[in-house]
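Notes follow the structure.
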Amino acid sequence: MTDKFFKHKVTFLNFIISQINTCNTTLQAQALPIHEFKISMTRCYNQIASLILKPEKFDQGIKTLFTLDWDQDSVQKECLRGALDFVSNLPSQSGHKPFTELSALPSSQQEQFYEAFKPFIVSILKYLTQYLPLTDPVIESLDFVRLMDNLATTIAKVETFNEYFKISSPEKVQEELLSLYSDGFRQYREQCNSLLEMWNEIERAGYTHLAAVAKAAQLLPTSSADVEQCFSDAKLIKTLLRNRLSETSFEALLLISEEVRTNGKLSVTKDMVERLDLVLQQVSKKRKADRPLEGELEGNQSNPPNPSNQGHQGDQVEDQNAMIIENQGEQGSKQ
């Protein structure tokens, strides 16, 4: 591109789209822990907002920013940087040094660059505010699984989550949480390599109600990618040639497919072999129970009616019909 001004426009547009795509890729990868969901989404919003918001407005926090109506001209005038301020801060905010060349352009071109992207960035902020549930109380409570807050904050977050999903008795959960903080929970966090492992250890220690709430939080999906991929797998499994698969078989094949796709292999455990043996035994018993009925059917089929007997019986019926007709004729002539 020989036109540097146009090149900077394309580069900046690509930068904004890449920030959003990075966030989307993180969600679609299905590797985002639930307690990092809010952190990841907030980071995406902040990266876009910091480009155009005045520093004092940006520092007010995301809760305040989510209450603003970005369609109002008064809000934009109060919160957005001016054209020259926007262009001069673009290299540091974006981390893209070539944008320093924009500051050397005439002020009219800097204004033109700013006016070209201001509506676009404002629209992004508006839609992120609309679709990202960052101020939802349940989303704000999810990081309780890390046990990084003080007791009062953790109790409030656990109560919010448990009240919404109604997983366990609130009294039992709070009682176990108080006991866990009293006995010292840091030992579990220091000895375990993952949150799931930590909560497994906490459950073994007797905090079953609290562990149930924490595990339920970690089961929540961060996106709909799992469901979409499941539908794609379903089309490959239940084809036109296999359209009579039972619901149980179909579910089992889906689970096997997901296991192989996730781990690259299917590990056959002793428990799985024992369950298979049990199923085969049940099928064998059912077949044996059905055999007497099959024998009766075979017995009936072994003595089919004799065609010659059928023919002889038919001749007798015809003779009887003929005699009846003759008798009726004779009676009619006498009368």
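All of the numbers you see were taken from the coordinates with simple rules; none came from a lab. Everything numeric in this text was worked out from a predicted model, so none of it was measured. So basically every Cβ, Gly included, is an ideal-geometry build from the backbone, and we count neighbours across all protein chains shown.
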Any cysteine of the chain lacking a neighbouring Cys Cβ under 4.7 Å - listed by number: Cys79, Cys192, Cys230
Per-residue HN-Hα couplings for the range 156-172, Karplus 6.51 cos²θ - 1.76 cosθ + 1.60 at θ = phi - 60°, whole Hz, x for Gly and Pro? 4, 5, 5, 4, 4, 5, 5, 5, 6, 9, 6, 8, 8, 5, x, 5, 5
Which net charge results for the neighbourhood of Ala212, defined as the other residues with beta-carbon distances under 11 angstrom from its beta-carbon, given Lys and Arg at +1 and Asp and Glu at -1? 0
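When a/c is below 1.5 the answer is rounded, else prolate if a/b is larger than b/c, else oblate, so apply that to the range 225-279 with a ≥ b ≥ c taken from the square roots of the Cα gyration tensor eigenvalues. All intermediate terms of the calculation are to be shown ahead of the outcome.
Working: a/c = 2.69, a/b = 1.32, b/c = 2.04.
Verdict is oblate for the range 225-279.
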For a distance above 22 Å, tell me the whole-number percent of Cα pairs in the range 164-286 that qualify. 60
So, counting K/R as plus one and D/E as minus one, what does the shell of residues with Cβ under 12 Å around Ser257 add up to? -1
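Add -39500 (n - 2.57) for each DSSP H run of 4 or more in the chain, then divide by its residues: what number comes out at 222 nm, to the nearest 500 deg cm²/dmol? Please list the in-between numbers first.
Values: 17 runs with 246 residues, N = 335.
The per-residue figure over the chain is -24000 deg cm²/dmol.
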Can you give the Kirkwood hydrodynamic radius for the range 4-135, in Å, rounded to one decimal and based on Cα pairs? 15.6
From the residues Phe37, Leu105, Leu125, which one has its Cα farthest along the dipole of the range 1-135 in the positive direction, the dipole being from +1 and -1 charges on Cβ of Lys/Arg and Asp/Glu about the Cα centre? Phe37
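What are the equivalent ellipsoid semi-axes of the range 114-185, built from the alpha-carbon gyration tensor (square roots of five times its eigenvalues), in whole angstrom, biggest first? Provide the component values of the computation, followed by the final result.
Numbers: eigenvalues 295, 38, 8 Å².
Gyration-tensor ellipsoid for the range 114-185: 38, 14, 6 Å.
Rule-of-thumb check for the range 138-219: C-alpha Rg over 2.2 N^0.38 Å? Walk me through the numbers before you get to the answer.
Numbers: Rg = 11.3 Å, N = 82, 2.2 N^0.38 = 11.7 Å.
Ratio of Rg to 2.2 N^0.38 Å for the range 138-219: 0.96.
Which order do Thr154, Thr135 fall in if you start with the one that has the fewest other Cβ atoms within 10 Å?
Values: Thr154 21, Thr135 14.
Going from sparsest to densest Cβ surroundings: Thr135, Thr154.
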Mean 1/r over all different Cα pairs, inverted: what Kirkwood radius does the chain give, in Å? 27.9
Charge tally in the Cβ shell below 15 Å around Phe113, where Lys, Arg are +1 and Asp, Glu are -1, Phe113 excluded: 0
Starting from the exponent 0.38 and prefactor 2.2 Å, build the expected Rg for the range 81-145 from its residue count and divide its actual Cα Rg by it. 1.57
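For the range 98-244, what number results from the quotient of the Cα radius of gyration and 2.2 N^0.38 Å? Could you put the intermediate results ahead of the total?
Numbers: Rg = 24.1 Å, N = 147, 2.2 N^0.38 = 14.7 Å.
The range 98-244 yields a ratio of 1.64.
Enter the per residue convex hull volume of the range 25-101, computed from alpha-carbon coordinates, in Å³ rounded to the nearest integer.
Working: hull volume 9.5 nm³, N = 77.
Looking at the range 25-101, the number lands at 123 Å³ per residue.
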